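Data block below; observations after.
Every read-out reported here was derived from the displayed coordinates using simple, explicitly stated rules and does not represent laboratory data. Just so it is clear, the model here is predicted, and its values are computed rather than measured. Ideal geometry is used to build each Cβ from the backbone, glycine not excepted, and the neighbour counts take in all protein chains shown.
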Ligand code: HEM
């Protein structure tokens with residue numbers, strides 16, 4: 001795959017604080033501007049201690065007995081940064097409780113000691129009380145060398161279920177991808193700004209920045225198999241991140257739920273804002289299907305600011321239409337190169353969905369090989385979304401009008 005030359009900064013119209021309004025950062029993208037908090041104030045020490053012991057408690061199947069004895073703590077004094085940490089801890093505890101014995105059974109009542117503060121913290125953050133991508137990946141890391149970059153080799157997780165290299169790597173790859181995506185965020189805003197002003201050179205420069213970011217994201221995605229083994233992922237990592245969509249759970253003592261079982265989806269990369277934002281910026285559309293319905297629901301699981309960023313990009317001027325109508329070959333080429341890379345990303349991702357889940361041997365009914373965390377038969381739909389991405393490549397005709405409804409030349413890694 002060719003590397004387009006980088007054309008650095010044509011950002012004059014998009015300011016730094018534009019991203020901060022969306023809880024995003026020009027250097028870190030959707031990762032928090034400050035490294036995630038590593039410990040809550042002393043009065044929450046019991047949450048910290050049990051969470052630190054979670055790998056051992058899961059291995060000995062003692063999560064349930066320990067959490068049943070936990071007192072109910074009041075999270076109302078927590079600051080925003082502390083709320084993110086509390087959400088992370090309670091999400092790991094809640095999922096440990098429900099899925100401790102996943103091979104035989106799911107626990108369908110979360111005790112008040114976890115359920116009540118989890119619900120309160122989730123309400124404040126505007127997300128459901130379930131483990132989501134934000135707690136599993138975005139807020140769950142530290143740097144080994146605190147002055148070094150956020151990249152593979154310098155990222156360690158703050159919290160694990162069982163722990164071990166494969167779990168650590170699976171999540172670290174997601175975090176590293178988010179870090180690589182950072183330059184694309186401001187470039188998406190700047191590219192739309194350029195369209196609004198009719199400034200083709202600025203649009204082209206920003207599309208090059210987006211291209212470089214997707215290329216770097218793709219390079220990280222390729223590294224997943226280095227340290228994450230498919231068998232270990234399927235049998236030791238995935239079981240604990242399932243949600244409660246197939247096995248509704250009661251949140252004991254949460255008045256708003258009045259004892260009614262609740263269904264929430266589990267953690268998935270589909271709750272990352274970066275790919276939908278790229279789809280929106282590049283005008284990649286997916287015809288109605290079950291996965292698209294599910295992907296729209298995943299927005300409720302994203303941090304509120306990230307959702308707002310996505311909405312802003314979706315309501316912005318169409319980069320694709322501008323490129324198409326301009327008849328500018330160089331603009332079209334860089335646009336097409338971006339779409340081509342998103343397709344390559346989806347093709348590799350589909351390969352992983354097949355190897356890490358679909359081709360694994362299923363044990364019991366709670367960790368299925370055919371349905372994703374959202375309950376969709378994911379192979380069929382992930383394929384469709386890859387193909388729909390390829391179909392957005394713009395034709396090479398002189399007028400610049402019309403799409404080429406065939407797949408582009410084989411993307412690297414395409415199955
Ligand atoms: C071994 C690695 C991975 C596996 C097995 C995997 C599996 C899946 C599955 C089964 C789905 C279908 C929807 C669902 O049920 O949630 C999905 C969706 C998705 N995943 Fe992953 N995933 C992996 C890595 C990643 C990474 C590193 C990212 C990067 C952010 C990512 C981003 C996405 C996105 C954006 C979707 C929504 C579908 C789309 O827009 O094409 N995944 N994933």
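Given just the C-alpha atoms of the stretch 15-54, how large is their convex hull per residue in cubic angstrom?
92 Å³
Within a 10 angstrom radius of the beta carbon, how do 31, 157 rank from fewest other beta carbons to most?
Lowest to highest Cβ neighbour count: 157, 31.
Antiparallel as a % of all DSSP beta bridges within the chain, to the nearest 5?
Values: 7 of 9 bridges.
Close to 80 percent.
Report the Rg/Rh value for the stretch 244-330, based on alpha-carbon coordinates and the Kirkwood definition of Rh. Numbers along the way, then the final one.
Details: Rg = 18.0 Å, Rh = 15.6 Å.
Result: Rg/Rh = 1.16.
Write down the Å³ per residue value for the convex hull defined by the alpha carbon atoms of the chain.
135 Å³
First obtain the Kirkwood hydrodynamic radius of the stretch 54-171 from its Cα pairs, then insert it into the Stokes-Einstein equation at 20 °C and 1.002 mPa s, and state the resulting D in µm² per second as a whole number.
For the chosen part, D equals 141 µm²/s.
Picking from 183, 128, 261, which is most flexible by a Gaussian network model of the chain using Cα springs under 10 Å?
Comparing 183, 128, 261 in the GNM, the peak value goes to 261.
Taking the chain as a Gaussian network, where each spring joins two C-alpha atoms under 10 Å apart, which residue of 119, 257, 301 fluctuates the most?
257
Within a 10 angstrom radius of the beta carbon, how do 84, 387 rank from fewest other beta carbons to most?
Details: 84 21, 387 14.
Result, fewest neighbours first: 387, 84.
Between the stretch 174-224 and the stretch 35-83, what is the separation of their alpha carbon centroids in Å?
That distance is 37 Å.
Would you kindly calculate the translational diffusion coefficient of the stretch 277-373, applying Stokes-Einstein with the Kirkwood radius from alpha carbon pairs, for 20 °C and a viscosity of 1.002 mPa s, and quote it in µm² s⁻¹ without decimals?
After rounding, the answer is 133 µm²/s.
Given only helices, namely DSSP H runs of n ≥ 4 each adding -39500 (n - 2.57), what is the per-residue ellipticity at 222 nm of the chain, to the nearest 500 deg cm²/dmol?
The helix-only estimate for the chain comes to -15000 deg cm²/dmol at 222 nm.
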